[in-house]
Amino acid sequence: MILYDSVWAPSPRRVRIFLAEKQITVARVMIDLRRDEQLDPAFLAINPRGVVPALVLDDGEVITESASICRFFEAMQPDPPLFGTTPRSLAQIDSWTRRIESDGYAAAVYAFRNSKPQMQGRGQPGNWPPIPIIPELVDRATVMWGCFVEALDERLSESPWIAGDAFSFADITGLITIDFAARAGLAVSEDRHNVARWHRVMTARPSASA
């Protein structure tokens, strides 16, 4: 298997953290997004969407989407379980992962993509025709982010981890989202003490530097 990866992008980082938690090693090929290598014909032949990560299996099958790649490895190596083990934990982890993606991560993408003039024509990541940026979406991102962090802080006042009593894929998704949002200019306010406590614990895990 070969994992097509990239150093700073959040989605590949989510896979790297997951693999580090599982202690799984996979051969990797690094794609330089700053040089637009994801749009080179050689990579588009692997993933026509022009985004990373992408996992090429030994038989040539290609799996894209970071969550799907992580689910593949979870099925291959169930321990330690990061997607849940009971109907309740499976549902809680999936629910919070989706909420983080749709509320928090989407806000970060809006802010990152639409606040930078150099992104003009690249309003969506990947292999698209020119898509204009929409500066007004930064305002939407700010509102979404504030609501998301408030909800996350309330949740973390009830449990040590996002989806309950155990570390899970939802926490990995939360970490890469908050760190990516910071690069996009969306901060966690100082009064969100529960998020700050959780983020310190997450950042201290060896996998966070994967």
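The values are calculated or read from the model by the stated rules, or taken from the named source; none is laboratory data. All of these numbers come straight from a predicted model, not from anything done at the bench. For the accessible areas, the whole protein counts, side chains as well, though only heavy atoms, and no ligand, DNA or RNA atoms are used. Shrake-Rupley method; radii C 1.70, N 1.55, O 1.52, S 1.80 Å.
If ligands, DNA and RNA are left out, what is the accessible area of Phe72 with a 1.4 Å probe, given in Å² to the nearest 10?
In the full protein context, Phe72 sits at about 50 Å².
Please calculate how many Å² of accessible area the stretch 113-210 carries per residue, with a 1.4 Å probe and no DNA, RNA or ligand atoms counted. Walk me through the numbers on the way to the answer.
Values: 5130 Å² over 98 residues.
Each residue of the stretch 113-210 exposes 52 Å² on average to a 1.4 Å probe.
Roughly speaking, to the nearest percent, how much of the stretch 158-198's 1.4 Å accessible area is carbon and sulfur?
Details: 830 of 1640 Å².
C and S fraction of accessible area: 51 percent.
Rounded to the nearest 5, what % of the DSSP beta bridges within the stretch 1-86 are antiparallel ones?
Details: 6 of 10 bridges.
Given both bridge residues lie in the stretch 1-86, the antiparallel proportion sits at roughly 60 percent.
In a Gaussian network model over the chain where Cα atoms closer than 10 Å are linked, find which of Met76, Met30, Met119 has the largest mean-square fluctuation.
Highest fluctuation of the listed residues: Met76.
Over the stretch 32-76, what percent of the accessible surface lies on carbon and sulfur atoms, probe 1.4 Å? Don't jump to the answer; show the numbers that get you there.
On the way: 1250 of 2480 Å².
That share works out to 50 percent.
Taking amide hydrogens as modeled 1.01 Å from N in the peptide plane, which residues meet the under 5 Å criterion relative to Arg28, leaving out close sequence neighbours?
Leu3
Please list, in order along the stretch 40-50, the HN-Hα scalar couplings obtained from phi with the Karplus expression 6.51 cos²θ - 1.76 cosθ + 1.60 (θ = phi - 60°), rounded to whole Hz, x for Gly and Pro.
5, x, 5, 7, 4, 5, 8, 9, x, 6, x
As an exercise, find the ratio Rg/Rh for the chain from alpha-carbon atoms, using the Kirkwood inverse-distance average for Rh.
On the way: Rg = 17.2 Å, Rh = 17.9 Å.
Here Rg/Rh amounts to 0.96.
Output the Kirkwood hydrodynamic radius of the stretch 118-167, Cα pairs only, in Å rounded to one decimal.
Working: mean 1/r = 0.0736 Å⁻¹.
Taking the inverse mean of 1/r over all distinct Cα pairs, the stretch 118-167 comes out at 13.6 Å.
Just from its helices, what would the mean residue ellipticity at 222 nm be for the chain, if runs of 4 or more DSSP H residues each count -39500 (n - 2.57) and the sum is divided by every residue, rounded to the nearest 500 deg cm²/dmol? Could the numbers behind the result be given before it?
Numbers: 8 runs with 98 residues, N = 210.
Helix-only estimate at 222 nm: -14500 deg cm²/dmol.
Compute the projected area of the convex hull of the Cα atoms of the stretch 97-210, averaged over all viewing directions, and report it in nm² to one decimal place.
Numbers: hull surface 30.2 nm².
Average of the hull's projected areas for the stretch 97-210 equals 7.5 nm².
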